[in-house]
Amino acid sequence: MDFAVIMAGGSGTRLWPLSRRGMPKQLLGVIQGRSLLQLAFERATTLVDPDHVLVCAGRAHADVIHAQLPDLPAANLLAEPVGRDSLAAVTWSVATAAARDPDAVVAILTADQIIAPQAEFTATVRHALDVAAQDRRALVTCGVVPTSAHTGYGYLHVGEPSDSTGTVFHVTRFAEKPNRDLAQAYLADGGWWWNSGMFCWNARTFLEQVRDFAPDMADGVDRIVASPDVIGEIYPRLPKVSVDYAIMEPVSAGASTAHILAVGLRADWADIGGYQALARYLADEDGNAIEGSVVALDCSSSLILNRTEDGRLVAAYGLKDMIVVQDDDVTLVCPKDYAEKVKKLVQMARERGDRYA
């Protein structure tokens, strides 16, 4: 039986002030009034029925998620009492699927991506699920064939094909986000793909890796799945570590009897981590992304968003490569090149009071 898990945690501070603790980026209606989570759920249901979709997200957002996803069974929302990075969320989700079907094959998806066309996503992830079902020792990742030397994504190195089809490759290394020169070298090399954060694997095989490489995590999650009432006690003490660092990196280095394979996603793919990615997706013919009550003159390659509802107007003249975001109580203005540094402003704003968090 196949399951799809949507990772929907995180605070999304790089989309502040739109993204706040009470309404993180994956729940914002940023794409024609629809949230990234809703788009992710639609994609997931092209793979499995809604009752085989699990969503792992913060407990504080449970009511909003249920409202946005009325077809998601209540029991399929795994509500984290506190965020503990991706390994905890993935392990809990996979263990939950395994408790329902010990032979489950699970697709790990994320709630902060835009992928088009959807048919390419479905075909690629379905292929990855099939590979994982046939090769039970494989952890399969969906790598994105890069179109630019992007410094905001992690990378994976693909080696020789693993079969005669030439569509599945061995992965020899995972790499963190590179600097500009290294990213350009990766692109020129041709053997490096963007790490999409989407994986497919047999549940038992993945949980074996967790037991080998992160036994404290395995023990804690076992207790939670056996007795859900203890989650408030156990979950905050789980190791805080990413699935890439704890599992994928050592397995790719040959430290396990499992191995990592990759299939390539050839689609228009964007991880909406911050305003630059959002601007690229929403851009018009002048490179501008403009929404809300805005008047703009002689502006180019700029993101101008007005999310107020009290009649206030944003007027912009002569902006180039700028970001302007007007929310109810915060106005953000910065060059595009500084968009990834918005997190520093978030910390400064929070010192002014929780209302800005």
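Just a few scattered comments:
- Highest-fluctuation residue, GLU285, GLU120, GLU176 considered, GNM on the chain with Cα pairs under 10 Å: GLU285
- Within the accessible surface of segment 1-76, defined with a 1.4 Å probe on protein heavy atoms only, the carbon and sulfur portion equals 51 percent.
- Note that segment 68-118 carries a Kirkwood radius of 13.0 Å, evaluated over its alpha carbons pair by pair.
- Considering only PRO24, PRO239, PRO228, the Gaussian network model of the chain with Cα springs below 10 Å gives its largest mean-square fluctuation to PRO228.
- With N counted as the residues of segment 122-258, its alpha-carbon radius of gyration over 2.2 N^0.38 Å works out to 1.17.
- Other residues whose C-beta falls under 11 angstrom from the C-beta of THR45 contribute a net charge of -3, scoring Lys and Arg +1 and Asp and Glu -1.
- For segment 216-357, the C-alpha radius of gyration divided by 2.2 N^0.38 Å, with N the number of residues, is 1.53.
- Here segment 136-219 has 50 percent of its accessible surface on carbon and sulfur atoms, given a 1.4 Å probe and all protein chains in place.
- Evaluated at q = 0.16, 0.17, 0.19, 0.20 Å⁻¹, a Debye calculation over the C-alpha positions of segment 1-110 (equal weights, vacuum) places log10 I(q)/I(0) at -0.67, -0.75, -0.94, -1.04.
- Over the chain: helical MRE at 222 nm, DSSP H runs n ≥ 4 each giving -39500 (n - 2.57), nearest 500: -8500 deg cm²/dmol
- Percent RCO, i.e. relative contact order, over the chain, from Cα pairs under 8 Å lying at least 6 residues apart: 19
- Expressed as a whole percent, the accessible area of segment 222-263 that falls on carbon and sulfur atoms is 53 (1.4 Å probe).
- Checking the cross-link pairs LYS25/LYS344; LYS240/LYS336; LYS177/LYS320 against a 23 Å limit on the alpha carbon distance flags LYS240/LYS336; LYS177/LYS320 as lying beyond it.
- Computed over neighbours whose Cβ is under 11 Å from that of ALA183, the net charge equals 0, Lys and Arg +1, Asp and Glu -1.
- Largest to smallest principal axis extent of the C-alpha atoms in the chain, angstrom: 60, 50, 35
- Applying 1/(1 + (r/R0)^6) with R0 = 22 Å to the Cβ-Cβ distance of ARG136 and ALA255 gives a FRET efficiency near 0.75.
- Panel note: the C-alpha atoms of segment 1-43, placed on their principal axes, show extents of 41, 22, 15 Å (largest first).
- Considering only VAL171, VAL325, VAL94, the mean-square fluctuation computed in a Gaussian network model of the chain, springs between alpha carbons under 10 angstrom, is largest for VAL325.
- Shown for segment 8-72 is the translational diffusion coefficient from the Stokes-Einstein equation, using the Kirkwood radius over Cα pairs, a temperature of 37 °C and a viscosity of 0.692 mPa s: 270 µm²/s.
- Mean accessible surface per residue for the chain, computed with a 1.4 Å probe while every protein chain stays in place, in Å²: 44
- Whole-Å semi-axes of the ellipsoid equivalent to segment 182-228 (Cα gyration tensor, √5λ, descending): 35, 11, 10
The values are calculated or read from the model by the stated rules, or taken from the named source; none is laboratory data. Quantities reported herein were computed from a predicted structural model and do not represent experimental measurements. Positions of Cβ are generated from backbone atoms using ideal geometry, with glycine treated the same way; all protein chains shown enter the neighbour counts. Just so you know, the surface numbers come from the protein's heavy atoms only, side chains and all, with ligands and any DNA or RNA stripped out. Shrake-Rupley method; radii C 1.70, N 1.55, O 1.52, S 1.80 Å.
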